[in-house]
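Undergrad: Supplied in structure tokens, the structure appears directly below.
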Amino acid sequence: MNFNLEKLNIFANPLKMFFPKKMVGIDIGTSSIKVAEVSIWGQGKTLENYGQIKSSSLYKEPFRSVERGSYLLSNYFVSRAVKAILNEAKISTKAVIFSIPDFSTFCVSFELPPMSEKEIKEAVYFTAPQYIPLPITETTLDWKIVEGASGDKESKLKVFLVAIPNQIIQDYQKVAKMAGLELYAVEAEAFSIARALAGESKKCICLIDIGVQSTTINIVDKGNLKKSYSFNFAGGQLTHAVSSALGLGREEAEKIKNEQGLTPAKDKISETLYLLIDPLLIEVKDILYDFYAKNGKEADEIYLTGGTSALPGLQEYFKEVLKKNVEIPNCFSEFLYPPIIGGTLEKMAPAFSAAVGAALGGLETQN
Ligand SMILES: Nc1ncnc2c1ncn2[C@@H]1O[C@H](COP(=O)(O)OP(=O)(O)OP(=O)(O)O)[C@@H](O)[C@H]1O
Ligand SMILES: [Mg+2]
């Protein structure tokens, strides 16, 4: 499952000098930073601590800029915010894995002819430039064979490739250092989310993460991430549309959007929101159709995650249009934690999937 942690560990923690029993996962989202500290004991998982800080509570700007491809607003501010969460949540574990957002990574899949294990690396490096819009020398590549077996002369190989610009990895290394953490690994967000919500599932799941700035549509088959697509649509656009339609400021518009969502009301906000959500549903249908056409497999279920999955009426609307069971899974549900915080965790869960999945990945590598 955590193939890319293993490989990315090459630069993050070359000798695996430490073998932590607890791990911290961090997701630096546009609107907030989420931190989860987890531990594994035997088969049991414990949520040790968690914390979140909204960018609006610290600075006027989001933690990440709106332009695609650009990265953290400031390593200094972000590391200060991370430190503040660690202090507040009393997290003393130093080992950290960062989940890297979809718009800072490139995920593609392609086929290779039958070949031996040894030949794969060279073939991947040779083929990758066709798909990755960045100089390969400035990029870290990580891949997994998701279909076919190396060494089998009959079987073509399907490769799932992730590319992360080196600059982005260096920025995360700086943030970790400035926050007093030891970077254990970094991994693309899609893997973290897939592990947190569908890692043990035997089903074929379409996992959709809707945040503030972007949405990812992922296909996870029997726990393995097979496809990952990223779109610019997300909750920020919904807020903007409500703000324009009602002539309100961002904060007020966000409040109305989150309370009313797709529920019919006098101000006809839902009609404005449907206009933005429908194109996303068309993308989901196209992706599911394409996956079926190429793999002969239908998604059994749809999972929604990310803060925007809580938009009132969204789950029902997805169900109605896609004619499939649509769940909003709770990434904390398999963890031990004090029962008194169960209600709070349930509400926060959709925003924490990436942080929890990243932390779990670090503990899996030690088994
Ligand atoms: N009840 C709700 N209804 C609708 N949207 C909500 C609700 N609660 C939170 N949100 C939205 O969720 C978004 C925050 O989600 P999340 O924390 O997943 O985003 P992020 O990780 O910061 O962003 P990104 O992943 O795009 O960088 C905000 O746009 C917020 O308005
Ligand atoms: Mg996010």
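The values are calculated or read from the model by the stated rules, or taken from the named source; none is laboratory data. For clarity, every value in this text was computed on a predicted model and none was experimentally measured. In this analysis, Cβ positions are derived from the backbone assuming ideal geometry, glycine residues included, and neighbour counts consider all displayed protein chains.
Undergrad: Would you mind stating whether P350 is assigned to a loop (DSSP other than H, G, I, E, B), under 16 Å from the mean Cα position of the chain (by Cα), within 16 Å of ligand 2 (Cβ to nearest atom) and within 28 Å of K22 (Cα to Cα)?
TA: So P350 does not fit the description; no.
Undergrad: Take the residues of the range 303-334 that are of a type in the set (S, T, N, Q) and more than 19 Å from I256 (Cα to Cα): which is farthest from ligand 2 (Cβ to nearest atom)?
TA: So, considering only residues that are of a type in the set (S, T, N, Q) and more than 19 Å from I256 (Cα to Cα), the one farthest from ligand 2 (Cβ to nearest atom) is N325.
Undergrad: Identify all residues within the range 33-51 that are of a type in the set (G, A, S) and within 21 Å of the chain's Cα centre (by Cα); write none if there are none.
TA: Hits for the range 33-51 are A36, S39, G51.
Undergrad: Okay, next question. Of the residues I145, I205, only one is in contact with a Leu (Cβ under 7 Å, 6 or more places away or on another chain) and more than 16 Å from ligand 2 (Cβ to nearest atom); which?
TA: I145
Undergrad: If you scan the range 290-311, which residues turn out to be of a type in the set (V, I, T) and under 15 Å from A196 (Cβ atoms)?
TA: Result: T305, single match.
Undergrad: Can you pull out every residue in the range 194-243 that is of a type in the set (S, T, Y), within 16 Å of ligand 1 (Cβ to nearest atom) and in contact (Cβ under 8 Å) with a residue 12 or more places away in the chain?
TA: Selection gives S214, T215, T216, S228, Y229, S230, T239.
Undergrad: Could you grab me the full set of residues in the range 90-118 that are over 30 Å from I40 (Cα atoms) and either hydroxyl-bearing (S, T, Y) or surrounded by 15 or more Cβ atoms within 10 Å (Cβ to Cβ) (or both)?
TA: F103, F106, V108, S109, F110, L112, P114, M115, S116
Undergrad: Being farther than 11 Å from I164 by Cα, charged (D, E, K, R) and either within 16 Å of ligand 1 (Cβ to nearest atom) or over 25 Å from the mean Cα position of the chain (by Cα) (or both) is true for just one of K144, K153. Which residue is that?
TA: None of the other options fit; the residue is K153.
Undergrad: Continuing with this model, one more query. Which residues, taken from the range 215-238, are touching a Gly at 6+ places or on another chain (Cβ under 9 Å), within 13 Å of ligand 2 (Cβ to nearest atom) and small (G, A, S)?
TA: A234, G235, G236, listed by residue number.
Here's the yes/no breakdown for (1) within 15 Å of ligand 2 (Cβ to nearest atom); (2) at pLDDT below 90; (3) touching a helix residue (DSSP H, G or I) at 6+ places or on another chain (Cβ under 7 Å):
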{"residue": "A84", "(1), (2), (3)": "no, no, no"}
{"residue": "A95", "(1), (2), (3)": "no, no, yes"}
{"residue": "F98", "(1), (2), (3)": "yes, no, yes"}
{"residue": "S104", "(1), (2), (3)": "yes, yes, yes"}
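Undergrad: So which residues in the range 328-346 are out of contact with any Asp or Glu (no Cβ under 9 Å at 6 or more places or on another chain) and either of a type in the set (G, A, S) or closer than 17 Å to D27 by Cβ (or both)?
TA: Of everything in the range 328-346, those that are out of contact with any Asp or Glu (no Cβ under 9 Å at 6 or more places or on another chain) and either of a type in the set (G, A, S) or closer than 17 Å to D27 by Cβ (or both) turn out to be P329, C331, F335, G342, G343, L345.
Undergrad: Right, here's the next one. Just wondering, is there one or more residues in the range 314-325 that are under 22 Å from E189 (Cβ atoms), in contact with a Cys (Cβ under 9 Å, 6 or more places away or on another chain) and of a type in the set (F, W, Y)?
TA: no
Undergrad: Might you let me know whether the range 191-208 holds any residue that is among the aliphatic types (A, V, I, L, M) and at pLDDT below 95?
TA: No: the range 191-208 contains no residue that is among the aliphatic types (A, V, I, L, M) and at pLDDT below 95.
Undergrad: Can we say V321 is β-branched (V, I, T) and either part of a loop (DSSP other than H, G, I, E, B) or over 21 Å from the mean Cα position of the chain (by Cα) (or both)?
TA: Judged against the criteria, V321 is a match.
Undergrad: Answer with yes or no whether A265 is within 16 Å of ligand 2 (Cβ to nearest atom) and either free of Cβ contacts under 8 Å to residues at least 60 places away in the same chain or under 21 Å from the mean Cα position of the chain (by Cα) (or both).
TA: no
Undergrad: Looking at (1) surrounded by 14 or more Cβ atoms within 10 Å (Cβ to Cβ); (2) among the hydrophobic types (A, V, I, L, M, F, W, C); (3) more than 10 Å from ligand 1 (Cβ to nearest atom); (4) part of a helix (DSSP H, G or I), can you tell me which one A253 breaks?
TA: Condition not satisfied by A253: (3).
Undergrad: While we're on this one: Pick out the one residue from E283, E254, E327, E301 that is without any contact (Cβ under 8 Å) to a residue 60 or more places away in the chain, in contact with a strand residue (DSSP E or B) (Cβ under 9 Å, 6 or more places away or on another chain) and within 27 Å of S230 (Cβ to Cβ).
TA: The conditions single out E327.
Undergrad: Still on this structure, please answer the following. For the condition modelled with pLDDT of 95 or more, among the aliphatic types (A, V, I, L, M), surrounded by 17 or more Cβ atoms within 10 Å (Cβ to Cβ) and away from ligand 1 (no atom under 11 Å from the Cβ), what is the one hit in L311, L288?
TA: On inspection, the qualifying residue turns out to be L288.
Undergrad: From the list K268, K323, which residue is basic (K, R), modelled with pLDDT of 95 or more and surrounded by fewer than 16 Cβ atoms within 10 Å (Cβ to Cβ)?
TA: When all the criteria are applied, what remains is K323.
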